[in-house]
Amino acid sequence: DFGSINTVYEDFFKPPYPARAAYAVAALPAGAAVEIIATAVRNL
């Protein structure tokens with residue numbers, strides 16, 4: 001349900017939006033509805 005994810009994404013993040021990628025699959029492990037993988041960078 002990309003529409004719901006987009007709504008939450010736009011509410012949580014502000015422009016310029018961070019990069020992201022989305023893939024549609026038949027099923028996720030353990031019956032999950034969403035899988036999120038994140039990379040964070042601290043000020044170096």
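Things to note:
- Per-residue HN-Hα couplings for segment 14-26 [Karplus 6.51, -1.76, 1.60; θ = phi - 60°; Hz; x = Gly/Pro]: 10, x, x, 5, x, 5, 7, 9, 9, 10, 8, 10, 5
- The convex hull built on the alpha-carbon positions of the chain has an orientation-averaged projected area of 4.4 nm².
- In plain terms, the chain from residue 26 to residue 5 could stretch by 5.8 nm, reckoned as 0.36 nm per residue minus the Cα-Cα distance.
- To the nearest ten degrees, helix 2-12 and the longest principal axis of the Cα atoms of the chain are 30 degrees apart.
- Applying a DSSP loop filter and a limit of 16 other Cβ atoms within 10 Å to the chymotrypsin sites (Phe, Trp or Tyr not before Pro) in the chain leaves 13, 23.
- The HN-Hα couplings worked out from phi for segment 32-39 by the Karplus form 6.51 cos²θ - 1.76 cosθ + 1.60 (θ = phi - 60°) are 5, 8, 9, 10, 10, 10, 10, 10 Hz, whole numbers, x standing for Gly and Pro.
Readers should treat all values here as calculations from the given coordinates under stated rules, not as data from a laboratory. None of these values were measured; they are calculated from a predicted model. No Cβ is skipped: glycine too gets one built from the backbone with ideal geometry, and neighbour counts run over all protein chains shown.
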